[in-house]
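S.K.: Shown below is the structure under consideration.
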Amino acid sequence: RKEVEQDPGPFNVPEGATVAFNCTYSNSASQSFFWYRQDCRKEPKLLMSVYSSGNEDGRFTAQLNRASQYISLLIRDSKLSDSATYLCVVKDGNQFYFGTGTSLTVIP
Amino acid sequence: EAQVTQNPRYLITVTGKKLTVTCSQNMNHEYMSWYRQDPGLGLRQIYYSMNVEVTDKGDVPEGYKVSRKEKRNFPLILESPSPNQTSLYFCASSLGAGKGYTEAFFGQGTRLTVV
């Protein structure tokens, strides 16, 4: 069983739409959670950390459900520039575990 | 500027010719790791290091070596590259465990082609 699982998509949405990505993780003792964004052939970059109480950064909202071992990312009012692959990342101790990524294309 | 620097960015080589991909970070991070990324498989960890002279295998270590003689550098060595090692490689660094909610920082990637 993979440590981190996410729907690979692709998600094709019109500009202005709201889109949600979900991710599940297998280790209930996992300590830290992140969403990374990766543009084509470039390095992953931190989009936002995911805290137990949920957190928001502009149009992006991340939520963590420890009981269900589930992480989500909500993007409101999608922009063309949001087109990328979104990686769910879980940290256990020193180790990072990556989902395979969810591809998002925002269409004009 | 805080960064992780990999070199080279692009490399085409022939089967069996030893090569080294360098990785350096200027953030005084204890933890460094190497990943390869292949279509449909996501990021897979090759090796990691929790501090100087401490290295360990990740999920796909076969055909690779690493060393950590200094805190800032973590080179990846392919002693005898083969075509199945053609991939996009990323180096990453992070503060160690117990240091709070600390993210991984990635280098810009090395696209390796072995012919």
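S.K.: I'd like to check which strands (runs of 3 or more DSSP E) are fully inside the range B:1-89 and have at least 2 residues that are within 14 Å of chain A (Cβ to nearest Cβ). Quick ask: steps written out before the conclusion?
M.R.: Values: elements: B:4-7, B:10-13, B:19-25, B:31-38, B:42-51, B:54-57, B:76-78.
Counting at least 2 such residues, we get B:4-7, B:19-25, B:31-38, B:42-51, B:54-57.
S.K.: If you take the residues of the range B:7-43 that are without any contact (Cβ under 8 Å) to a residue 60 or more places away in the chain and of a type in the set (Phe, Trp, Tyr), which of them is nearest to residue B:94 (Cα to Cα)?
M.R.: B:34
S.K.: Here's another thing I want to ask about it. Among what's in the range B:90-115 and is at the interface with chain A (Cβ under 8 Å from one of its Cβ atoms) and over 15 Å from the mean Cα position of the chain (by Cα), pick the residue that is nearest to residue A:96 (Cα to Cα).
M.R.: Checked the range B:90-115; the qualifying residue nearest to residue A:96 (Cα to Cα) is B:103.
S.K.: Also: If the requirement is being within 20 Å of residue A:38 (Cβ to Cβ), crowded, with 16+ Cβ neighbours inside 10 Å and not charged (D, E, K, R), which of these qualifies: B:19, B:78, B:43?
M.R.: Numbers: B:19 fails: within 20 Å of residue A:38 (Cβ to Cβ); B:78 fails: within 20 Å of residue A:38 (Cβ to Cβ).
After ruling out the rest, the residue left standing is B:43.
S.K.: Next up: Can you name the residue in the range A:28-75 that is in a loop (DSSP other than H, G, I, E, B) and of a type in the set (Lys, Arg) and is also surrounded by the fewest Cβ atoms within 10 Å (Cβ to Cβ) among such residues? Can you show your working first?
M.R.: Filtering the range A:28-75 down to residues in a loop (DSSP other than H, G, I, E, B) leaves A:28-31, A:39-44, A:51-54, A:58-59, A:66-69.
From what's left, of a type in the set (Lys, Arg): A:41-42, A:59, A:66.
Working: A:41: 10, A:42: 15, A:59: 13, A:66: 12.
That would be A:41.
S.K.: Next question, about the same structure. Kindly evaluate residue A:78 against the criterion of being surrounded by 17 or more Cβ atoms within 10 Å (Cβ to Cβ), assigned to a loop (DSSP other than H, G, I, E, B) and in contact (Cβ under 8 Å) with a residue 24 or more places away in the chain. Spell out the reasoning first.
M.R.: Details: surrounded by 17 or more Cβ atoms within 10 Å (Cβ to Cβ): yes; assigned to a loop (DSSP other than H, G, I, E, B): yes; in contact (Cβ under 8 Å) with a residue 24 or more places away in the chain: yes.
Yes; evaluated as a whole, the condition is true for this residue.
S.K.: From the list B:83, B:61, which residue is out of contact with any Ser or Thr (no Cβ under 7 Å at 6 or more places or on another chain), surrounded by fewer than 18 Cβ atoms within 10 Å (Cβ to Cβ) and at negative phi?
M.R.: Numbers: B:83 fails: out of contact with any Ser or Thr (no Cβ under 7 Å at 6 or more places or on another chain).
Testing whether each residue is out of contact with any Ser or Thr (no Cβ under 7 Å at 6 or more places or on another chain), surrounded by fewer than 18 Cβ atoms within 10 Å (Cβ to Cβ) and at negative phi leaves just B:61.
Every read-out reported here was derived from the displayed coordinates using simple, explicitly stated rules and does not represent laboratory data. Quick caveat: nothing in here was measured; it's all calculated off a predicted structure. Note that we place each Cβ from the backbone using ideal geometry, even for glycine, and neighbour counts take in every protein chain shown.
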